[in-house]
């Protein structure tokens, strides 16, 4: 999971929709119901936010990454 998201961040750092979609791929693989329970958000809202047309808030991204057991980090460009 971490390697997949890290690859998206490295290859397409300006593609917010692609990164959200990658988070959605990981959440679906893990089980969207599980992620929804862990974040306190509905499955439907997560599917919408993490779709190709979604635009999740940063708070949602942080909740989802935490629910997936991932941590965002920053490196110097």
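Every number here is computed from the coordinates shown, using simple stated rules; none is lab data. All of these numbers come straight from a predicted model, not from anything done at the bench. Please note: Cβ atoms are built from the backbone with ideal geometry, for glycine as well, and neighbour counts cover all protein chains shown.
Observations
- Rg over Rh for the chain works out to 0.94, both radii taken from alpha-carbon positions and Rh defined as the Kirkwood radius.
- Placing pseudo-labels 7 Å out from each Cα toward the beta carbon at residue 76 and residue 28 gives an inter-label distance of 3.9 nm.
- Spin-label model, residue 2 to residue 14: label points 7 Å out along the Cα-to-beta-carbon direction sit 2.9 nm apart.
- Over the chain, relative contact order from alpha-carbon pairs under 8 Å, at least 6 apart, %: 31
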